[in-house]
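The values are calculated or read from the model by the stated rules, or taken from the named source; none is laboratory data. Bear in mind the structure is a predicted one, so any value in this text is a computation, not a measurement. For neighbour counting, all protein chains shown are included, and Cβ atoms are generated from backbone atoms with ideal geometry for every residue, glycine included. Side chains included, ligands, DNA and RNA excluded: accessible areas come from the protein's heavy atoms. Shrake-Rupley method; radii C 1.70, N 1.55, O 1.52, S 1.80 Å.
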Amino acid sequence: MNNDIIKQSFIESFEILKDSWDSKKKSIIKCIVETEACDGALAMDMWTYVLMQNANLLRDKTEIISFIDEVILGFIKKYDNSADPGDICNTIIHHIAPHIVRNDTLINIIFGKLINAGYSKYNYSYDDDDPSELIPACIACIFMQDYPHAIPVLFKALSTNNNMEDISIGELILKANYYLDVMKRRDYMFDDFNISDDIKESLLSCIDCIKDCNDRAEITLSFMSR
């Protein structure tokens, strides 16, 4: 079927469903995920619309975290359906991060306003066997896009996020560094992706957002040696 016809059908479906969040959540998420295959920027605009329109309804941080995760997991189920960290990063780096980096509004919402970017420790755990922390994985994949403009937007969003109660920016970036190590071990999946010098320079220009001097030193060492 013609790609334009498919795209138009997704647009029409979203227009019908978009304001029925409470009753049509799964269908709205499916529409965002399926639209990305036709038009990644449009899919991110759909995601942004839902987040902005429901900001007043989704006051509970756990609900907001759940929605962000469900969209990301919708992509993972479509393309990998795996709990493996490498497969998760593979989906994010190809189907989410390339579009997020070009959408400042979405970066500001996801990383700056609506979620506890570190996730509460009683709901999520972090170890080598648990890839459930999708936000650090997203940050890692954003670093792997050769789009330095997004880095200061990301750091500014994180530095103004009043919901980051259980984790510092430095700790979050170090968790993202873990996913970069996962991707480095999977060279065959990520041959076309590297952290460019422009990304490194942009990251260094934002390092003052990280208050802990130990975190700053560790992050600088980790990223400059890649």
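Count charges around G74 for me, please; just the other residues with Cβ under 15 Å from its Cβ, Lys/Arg as +1, Asp/Glu as -1.
0
On the basis of the beta-carbon distance and an R0 of 35 Å, N2 and R185 show a calculated FRET efficiency of 0.30. Counting only protein chain heavy atoms and rolling a 1.4 Å probe, the accessible areas of T220, T48 rank, largest first, as T220, T48. The heavy atoms of H95 offer some 40 square angstrom of accessible surface to a 1.4 angstrom probe. The residue among S196, A37, I93 whose Cα reaches farthest toward the positive pole of the charge dipole of the chain, with charges on the beta-carbon of Lys, Arg, Asp and Glu, is A37. Beyond 18 Å in Cα-Cα separation lie the following of the pairs K18/K156; K26/K77; K30/K175; K7/K30: K18/K156; K30/K175.
Overall, the accessible surface of the chain at a probe of 1.4 angstrom is composed of carbon and sulfur to the extent of 47 percent. Could you pull out every one of the aspartates and glutamates with an alpha carbon less than 19 Å from that of K113, ignoring same-chain neighbours closer than 8 positions? The reachable aspartates and glutamates, counting only those whose Cα sits under 19 Å from K113, are D45, D60, E63, D69, E70, D104, E133, E165, D166, E171.
In sequence order, the range 91-101 has phi-based couplings of 5, 5, 6, 9, 10, 10, 4, x, 8, 4, 4 Hz under the Karplus curve 6.51 cos²θ - 1.76 cosθ + 1.60, θ = phi - 60°, and Gly or Pro positions carry x.
Grab the beta carbon distance between K25 and E201, set R0 = 30 Å, and tell me the FRET efficiency rounded to 0.05.
Calculated value: 0.15.
Of the residues C31, C209, the one with the largest accessible area comes first in the ranking C209, C31, computed with a 1.4 Å probe on protein heavy atoms. Helical runs (DSSP H, four residues minimum) scored at -39500 (n - 2.57) apiece and divided by the length of the chain put the mean residue ellipticity at 222 nm at -19500 deg cm²/dmol. In the context of the full set of protein chains, the chain has a per residue accessible area of 49 Å² (1.4 Å probe).
A Förster radius of 22 Å combined with the Cβ-Cβ distance from M52 to E12 puts the calculated FRET efficiency at roughly 0.60. Sparse packing (at most 16 other Cβ atoms within 10 Å of the Cβ) combined with a DSSP loop state is found for the following chymotrypsin sites (Phe, Trp or Tyr not before Pro) in the range 147-202: Y188. Relative to the longest principal axis of the Cα atoms of the chain, the long axis of helix 21-36 lies at roughly 70 degrees.
Assigning unit charges at the beta carbon (Lys, Arg +1; Asp, Glu -1) and nothing else, what dipole magnitude in debye, to the nearest 20, does the chain show about its Cα centre?
420
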